[in-house]
Amino acid sequence: MRTFENVTETRSRTMSHIRGKDTSIEKALRRALWEKGYHYRKNYRALPGSPDICLTKYKLAIFCDSEFFHGKDWEVLKPRVEKGNNGAYWVRKIENNMERDSETDKRLLFLGWTVMHFWGKDILKKTDECVRAIEEVILDIQLSQADGAE
C-alpha cells in the first residue's frame, strides 16, 4: 500500500482528476489530425503501451506526454521534485515512467512501428508544427514503402 505524507485534501482532489486517456493534449492533436483527413485509432491496445494515437495504415504510434509525468528536462526537474511533498515517491514514479516509455518504444520499433512522442505544451501551443512533423514522418514511411515495392 502506498503511504503519502503531507497530502492536503485539495492536492488529493486535484490528483484524482488526472486521467490517462482523452486528455486535452490528446484531443487537440487528434482534432488537428482529423481535420487533415487522417484516420487513426486511439489508445490502441493491440500494441505495447497502448499508444495514444495510432495511424495503422503507416504503422505510426504517437504518444502525447505530459511534461511532469514523463520527465521533461528531468535533470532540471528532479531536484525540485525531490524537495516537494513525497519527493522520493514522485522521483521513483517519474523515473519508472521514463524507463517504461523507453522499453515500450523499443518493443514497438522491434515490431516495425515508427514511434513519435510530443510534449503536451508543444501540442497545445504548436499544434500545426506537431502535425507537420507527423506528415513528414508519414511521407518518409511512404517513400520507404515505395522503395521496397520496386
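The values are calculated or read from the model by the stated rules, or taken from the named source; none is laboratory data. Everything numeric in this text was worked out from a predicted model, so none of it was measured. Ideal geometry is used to build each Cβ from the backbone, glycine not excepted, and the neighbour counts take in all protein chains shown. Accessible surface areas use protein heavy atoms only, side chains included; no ligands, DNA or RNA. Shrake-Rupley method; radii C 1.70, N 1.55, O 1.52, S 1.80 Å.
So the values come out like this:
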{"quantity": "Over the chain: helical MRE at 222 nm, DSSP H runs n ≥ 4 each giving -39500 (n - 2.57), nearest 500", "calculated": "-18000 deg cm²/dmol"}
{"quantity": "Chain lengthening between Asp22 and Glu75 when straightened (0.36 nm per residue, less Cα-Cα)", "calculated": "16.2 nm"}
{"quantity": "GNM flexibility winner over the chain from Phe69, Phe118, Phe110 (Cα, springs under 10 Å)", "calculated": "Phe110"}
{"quantity": "Heavy-atom surface of the chain, accessible at 1.4 Å and reported per residue (Å²)", "calculated": "67"}
{"quantity": "Candidate residues Met98, Met116: accessible-area rank, largest first, probe 1.4 Å", "calculated": "Met98, Met116"}
{"quantity": "Only Lys, Arg (+1) and Asp, Glu (-1) charged, at Cβ; the chain dipole about Cα centre in debye", "calculated": "720"}
{"quantity": "Estimated vicinal HN-Hα couplings, Hz - the stretch 54-70 in sequence order (Karplus 6.51, -1.76, 1.60; Gly, Pro = x)", "calculated": "10, 9, 5, 4, 10, 6, 10, 9, 10, 10, 9, 9, 7, 4, 5, 5, 10"}
